[in-house]
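A.B. asks: This structure is in structure tokens; I'll ask about it shortly.
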Amino acid sequence: LAERLQGTIQKITGKGKVTEQDVKEMMREVRMALIEADVNLKVVKEFVKKVSERAVGSEVMKSLTPGQQVIKIVQDELTELMGGEQSPIKFNSRPPTVIMMVGLQGAGKTTTTGKLANVLRKKYNRKPLLVAADVYRPAAVQQLETLGKQLALPVFSLGTDISPVEIARQALAHAKEEHLDVVIIDTAGRLHIDEALMQELKDIRALKEPDEVFLVVDAMTGQDAVNVAESFNEAVGITGVVLTKLDGDTRGGAALSIRAVTQKPIKFVGMGEKMDALESFHPERMASRILGMGDVLSLIEKAQANVDMEKAKELEEKFLTQSFTFDDFIEQIQALKKMGPLDELLKMIPGMNKMKGMDNVKVDEKQMGRIEAIIYSMTPAEKTNPEIINSSRKKRIAQGSGTSIQEVNRLLKQFEDMKKMMKQMTGMSSGKGKKKMKL
Ligand code: GDP
Ligand code: MG
């Protein structure tokens, strides 16, 4: 999913003008990307419709950076699709808080029970009790006991001859006695959803209304995960979802559909087999991850708030035509000085964050004054054609600016690197040069 969307984004980032046709084409790509990622069809349709409506709206057309606006809309809507806000655990004001783990066999319930207990202790300062209520799967009880030992957390088990409901009942009493404030019940799974299992889960539920019923689903199963979620939600009722094995899932389809289909939030994601591989689910971060943009979007926002858009556009033109000179460079430095960390801003330039040579253009902010001095000591001809700066010119510039020849050399090198990068970028964002700006 990420790759395809990134390709699409690459095409429109930095476009000065986006037509309705462009938006249409982009939406076609987005639709394909989502379908390929195994996102539920209904969800895809609605998503594309929403994004299209906003994208052809005035906020984009009037913007001077419409390409970025479209991306922003896609990101917003992806975030919204996954629930918008991070959804916290609901704790009972009168302990113990009861969390029930449900799901199909192999989804990762037992593993997640351990991981969750670990999170509860570490981040929430709670005293969890792990309850082994899967009496069917061979060695399930031992599996949990082993995890408990490994984490040095208490596990409640009564072997496999006693009913899960009875185990859960006694575990609740035990937790109260021992002042353990969260009870996590690891239940049995089946290969498929069946009536007997659902009844058992309902019986456990009936003991004491759980504060959370977490459905554990395997992200790698894509659409099936969504179907499973729907069935469990209808039969037992769930309060949230834990999406496991996201470390192995590159498509991300389940993450995108589950919330939309079940209306239940994804609360955590499993990122590996180890006990510390459970993360809170942040819709916005996931959307960024899917779009492969890291924090660049927030930087774009920042820039949009700060930079003169006319100027930004002019600069972009210069990048594309590769007619960027030291005069432009110094103008940029001055504009940037108002805005914040330079290397962050460089990364913000479309495509720049992907460039290999990015590290070479890191400019120390303290150095900026010296850089300015160097550029001011150049003649107009030197600024436009730095190639002509030979060693005697370098010496003159160094003297004139009160810097050293090494510093002059470094700046020239940086400028050259930057130009090289622009060349690469131009190749990436628009096929070849400026003339062919068509998608
Ligand atoms: P259960 O039948 O639902 O209790 O599933 P288990 O907890 O026994 O997990 C089944 C398998 O999935 C085990 O091998 C786990 O190590 C593995 N697993 C669980 N969660 C994750 C995860 O987030 N990432 C990866 N890579 N493996 C996981
Ligand atoms: Mg299990």
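A.B. asks: Neighbouring Cβ atoms within 10 Å as the yardstick, rank 291, 144, 158 fewest first.
C.D. replies: Listing 291, 144, 158 from fewest to most nearby Cβ atoms yields 158, 291, 144.
A.B. asks: While we're here: Which whole-Hz ³J(HN,Hα) couplings does the stretch 175-181 yield from phi under the Karplus relation 6.51 cos²θ - 1.76 cosθ + 1.60, θ = phi - 60°, glycine and proline marked x?
C.D. replies: 4, 4, 4, 8, 6, 8, 9
A.B. asks: Okay, moving on. Sorting 102, 135 on the 10 Å Cβ count, fewest up front, what's the list?
C.D. replies: Exposure proxy ranking, most exposed first: 135, 102.
A.B. asks: Using modelled backbone amide H atoms (1.01 Å from N, in-plane), which distant-in-sequence or interchain residues come within less than 5 Å of residue 240's amide H?
C.D. replies: Close amide H contacts, sequence-distant or interchain: 213, 215.
A.B. asks: Let me ask something else. Output the peptides 215-222, 49-56, 32-39 sorted from most to least packed, where packing is the average of other Cβ atoms within 10 Å over each peptide's residues.
C.D. replies: 215-222, 32-39, 49-56
A.B. asks: For the stretch 184-224, take the alpha-carbon Rg, divide it by the Kirkwood Rh, and send me Rg/Rh.
C.D. replies: My calculation of the ratio gives 1.00.
A.B. asks: Hey, what's the Kirkwood Rh for the stretch 92-194 if you take every pair of different alpha carbons, in angstrom?
C.D. replies: Computed over the stretch 92-194, the radius equals 13.5 Å.
A.B. asks: Can you tell me how much longer the chain between residue 276 and residue 247 gets when fully stretched, taken as 0.36 nm per residue apart minus their C-alpha distance, in nm with one decimal?
C.D. replies: My answer for the length gained is 9.1 nm.
A.B. asks: Further question: If Lys and Arg each add +1 and Asp and Glu each add -1, what is the summed charge of the other residues whose beta carbon sits under 13 Å from the beta carbon of residue 225?
C.D. replies: My count for the surroundings of residue 225 gives -1.
A.B. asks: Turning to a different aspect of this structure: Using the C-alpha gyration tensor of the stretch 172-283, what are the square roots of 5 times its eigenvalues, in whole angstrom, with the largest one first?
C.D. replies: Output for the stretch 172-283: semi-axes of 25, 18, 12 Å.
A.B. asks: Residue by residue through the stretch 21-33, which ³J(HN,Hα) values in whole Hz follow from phi under the Karplus form 6.51 cos²θ - 1.76 cosθ + 1.60 (θ = phi - 60°), with glycine and proline marked x?
C.D. replies: Rounded to whole hertz, the list is 4, 4, 4, 4, 4, 5, 5, 4, 4, 4, 4, 4, 4.
A.B. asks: Can you tally the net charge around residue 142? Count Lys and Arg as +1, Asp and Glu as -1, for every other residue whose Cβ sits under 13 Å from the Cβ of residue 142.
C.D. replies: That works out to -1.
A.B. asks: Could I have the simple spin-label model distance between residue 199 and residue 94, label points 7 Å from Cα toward Cβ, reported in nm to one decimal?
C.D. replies: Each label point is offset 7 Å from its Cα along the Cβ direction, giving 3.1 nm.
A.B. asks: I want the local charge near residue 99. Using Cβ-Cβ distances under 14 Å, sum +1 for each Lys or Arg and -1 for each Asp or Glu among the other residues.
C.D. replies: +4
Read-outs: derived from the displayed coordinates by stated rules, not from any lab. What you are looking at is a predicted structure, and each value in this text was computed from that prediction instead of being measured. Note that we place each Cβ from the backbone using ideal geometry, even for glycine, and neighbour counts take in every protein chain shown.
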